[in-house]
Structures are given as C-alpha cells and as structure tokens.
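Following: one structure in structure tokens, then a few remarks.
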Amino acid sequence: MRQGKIKYVFPGSNTPSGFHSFYEEGLKGIDRIFILKGGPGVGKSTLMRKIGTAMADRGYDVEFWQCSSDNDSLDGVLIQSLSVAVIDGTAPHVVDPRYPGAIDEIINLGEHWNDSYLRTHKKEIVDLTHQISDLFTKGYDFLSQAGQLRTQWEKIYYVHVNHHKITAEAEHLMDEIFCQKTPATRHLFASAVTPKGFMSFAENLTANYPRRYILQGAPGCGKSILLAKIAQSAETRGHAMEVYHNTFAPERIELLLFPDLGVAIWDVPYEYKINVRKDDKVINGTDFLNEIPTLSETETILMEKFHMFVDEAAKEIAQAKVTHDKLETYYNKAMDFEAVDETGTALFNKILNIIAEKEKTQTS
C-alpha cells in the first residue's frame, strides 16, 4: 500500500487587519465535517494529527491545516478523496454546524474535563486569556504598521508599472497553461507570520508540480495584478484552482496551483530565497516597469522598518503562544485523556465507516 502524502497549509493567518480566516472557503464541497469543541489543551490538535497520520498510513492523501499562532498545532485535517474534514471549531476561527447531522457534527471534548478544577482556577484562566488577547492586539498593531509601510514600498514601484506589458504576459501565460476544464476553487494561505517569524509552505506545496512559474521582484511591480488576471481567467474557463493569499495583503494572491494541470505560479516574497529548478520559468517583475526606480535612503529605511515591525509582531505572537501554553496546563490537568482517546477512536471509526460506504457504493 502506498503511503499517503501530507500537505501543509494555513487556513487562516495573522495579517495587518487582524486574524483572517479561509475556513469556510477551505471546507467548500466537503460532505462530512467533524467540528471539535473544547478549550485549549484538551487534545484537539493531537486527535487531528493522529487521525491524519493514520489515514496517510492507509494510503490517503491528507491536508494538515497548520495553526498560524502555534507552529506545533493543527487547526484541521482534510481527506479530500473522502470529502471528510476534522477541524478545530473554537476561537479565533469559530465554526458551528450549518447543516447539523447532515454534513456537520460537533465532537465536544469539553465533556471530558473536570469542571470543579477549572472553576477553582477561574482567576488564572481569565487573566491568561486576557493576556493572550492583549498580546495579539499588540502583534496586530505591529503588523498593521508593517502593512502601511509595505503599501508605501509598493507605491515606489507601482507608479512605473506598464499595464500593457502585464496584460500581454497574462494572455501569453493563459494560452500556454489552460487547455482543459475541471471544477472548483479553494482559498487558503501558504505563508503566515507565526511565533517563529515569517513561515511559508509554498516551496513544499509546489515541489511536485512539473511546471512552475516563479515571479520575482519587489512589491508593487505588478505581479499581483498578473496573478489576479490569471486567476480570473482560470475561474471563467472552469479550471480547478487553489488560490493562496498574501498574508500581508489577504485580498492579493501569492500562489496559484492548478493540480490537474501540474502548474504552479508563485509570487516569491521579496528577499525570500528559493531553489530555482532548471525547468522553472522565472518572470522578473521589473520587466513590467517602464523604468526601475532608484531607491532613496528614506525608502531603504522604509523597507528596513517593515521587516522590523514584522519581527516585533512575531515576538508578540510568540509571547502569546507562551501564555497560551500556560493556559493549556490548567486544561491538561482537568482532562480525562483516556475518555478523549475513546472519543477519538469513535470518530476514527466513523471515518472508516464512510470509507466502507463509499467502497460499497462503488462496487454495487
């Protein structure tokens, strides 16, 4: 039996405008959604990882939804071929059943905690929760300042953009790439500002794509315009597409994947080093400019400040994780993890039943 592949993505990200979630987009078209409820440290991430790993061991490709605020935790696991998802439905990405019983089902791990122990430590839990909220607020303030600086940075180049060149390149790429029709579009993040700083899964996501188009150049060169044109054309032509958004400007696209075509188009973050393959097609964003601007000392400082604010935001998010870990200890001590394991086994058996039903349908 083949080993299933595990793909890592971010379903939400810490952005200049706060936490931005693509949970709803990521779950589009999923037939069975198991929503885990309960406080921090009750075993949601561990349960999802066990299920995802077990399914990969059975040969199913799995998508792990990584938490942008905790590099070691999961927000969800999807098995696309089964149309099944198990997700964390607690804040900041609260998910409640939309079609209870028919599609969505709540798995409440809070049923297995000791209420009296948690009430005994009410003050500590409330204080730590407020501290976490304050730290994220500070982190988002830094990201907001970074976002403002990035906008200024983009303007340096954007005034020199030749839109005719971008349109011509977009049309050339669309003719080169699109030759068949398949359904569905999904929206996620490939990168995020995490407790360990800026982190990207884009290289991993594109590793098995035989055709990669690598967009390089400073922000504001028009690369996001090119990606938007291609995405719009792909949607019009009905192509299956995964759209990964820019964590500093969620309305913009950072990466486009066309799984059925084996094509990836990646706007590589400025100053981010990647291994360019010999068969990659590199497109330099400066080719879309009428002239390359000469940066003043002030503009160079602007870029340095941008990175400084991103680093400061990451420090606040990292401290929020440390505080969150302290909060988890109270829930860890309150949990009956044997009961959690039993719940996990029951959930896994439900997924195995879904497999059996699908196999029965296929053979009948």
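Between amide H atoms placed 1.01 Å from N, distances below 5 Å from ASP61 occur with LYS5, all of them 5 or more places distant or on a separate chain.
Quickly rank 238-244, 94-100, 132-138 as a protection proxy: mean count of other C-beta atoms within 10 Å, highest first. All intermediate terms of the calculation are to be shown ahead of the outcome.
Numbers: 238-244: 20.9, 94-100: 12.7, 132-138: 16.7.
Final packing ranking: 238-244, 132-138, 94-100.
Pairs from the table (LYS37/LYS321; LYS122/LYS315; LYS223/LYS273; LYS5/LYS358) lying more than 24 angstrom apart at Cα are LYS122/LYS315.
For LYS360, the aspartates and glutamates whose Cα comes closer than 19 Å to its Cα, not counting residues fewer than 8 places off in the same chain, are ASP31. Accessible area per residue for the chain, computed on protein heavy atoms with a 1.4 Å probe, is 48 Å². For LYS333, a cut-off of 17 angstrom between C-alpha atoms picks up these aspartates and glutamates, skipping any fewer than 8 places away in its own chain: GLU111, ASP115, GLU124, ASP325, ASP341. Axis angle, to the nearest 10 degrees, between helix 122-158 and the longest C-alpha principal axis of the chain: 10 degrees.
Using a 1.4 angstrom probe on heavy atoms only, work out the carbon and sulfur share of the accessible area of the chain in %.
Working: 8860 of 17400 Å².
In the chain, the share of accessible area belonging to carbon and sulfur is 51 percent.
Counting only Cβ charges, +1 for Lys and Arg and -1 for Asp and Glu, the dipole size of the chain around its Cα centre is about 520 debye.
Which angle between 0 and 90 degrees, to the nearest 10, do you get for helix 163-177 versus the longest principal axis of the chain when only C-alpha atoms count? Computed tilt is about 60 degrees.
How large is Rg/Rh for the chain, to two decimals, with Cα atoms and a Kirkwood Rh?
Using only Cα positions, Rg/Rh for the chain is 1.00.
A simple rule links phi to the HN-Hα coupling: the Karplus curve 6.51 cos²θ - 1.76 cosθ + 1.60 with θ = phi - 60°, which for the stretch 43-50 gives x, 4, 5, 4, 4, 5, 5, 4 Hz, with x for Gly and Pro.
Classify the stretch 211-364 as rounded, prolate or oblate, taking a ≥ b ≥ c as the square roots of the eigenvalues of its Cα gyration tensor: rounded when a/c is under 1.5, otherwise prolate if a/b is larger than b/c and oblate if not. Walk me through the numbers before you get to the answer.
Working: a/c = 3.46, a/b = 1.37, b/c = 2.53.
Because a/c hits 1.5 or more and a/b fails to exceed b/c, the stretch 211-364 counts as oblate.
The values are calculated or read from the model by the stated rules, or taken from the named source; none is laboratory data. These figures come from a predicted structure and were not determined experimentally. We place every Cβ from the backbone using ideal geometry, glycine too, and count neighbours over all the protein chains shown. Keep in mind that these areas ignore ligands, DNA and RNA; they rest on the heavy atoms of the full protein, side chains included. Shrake-Rupley method; radii C 1.70, N 1.55, O 1.52, S 1.80 Å.
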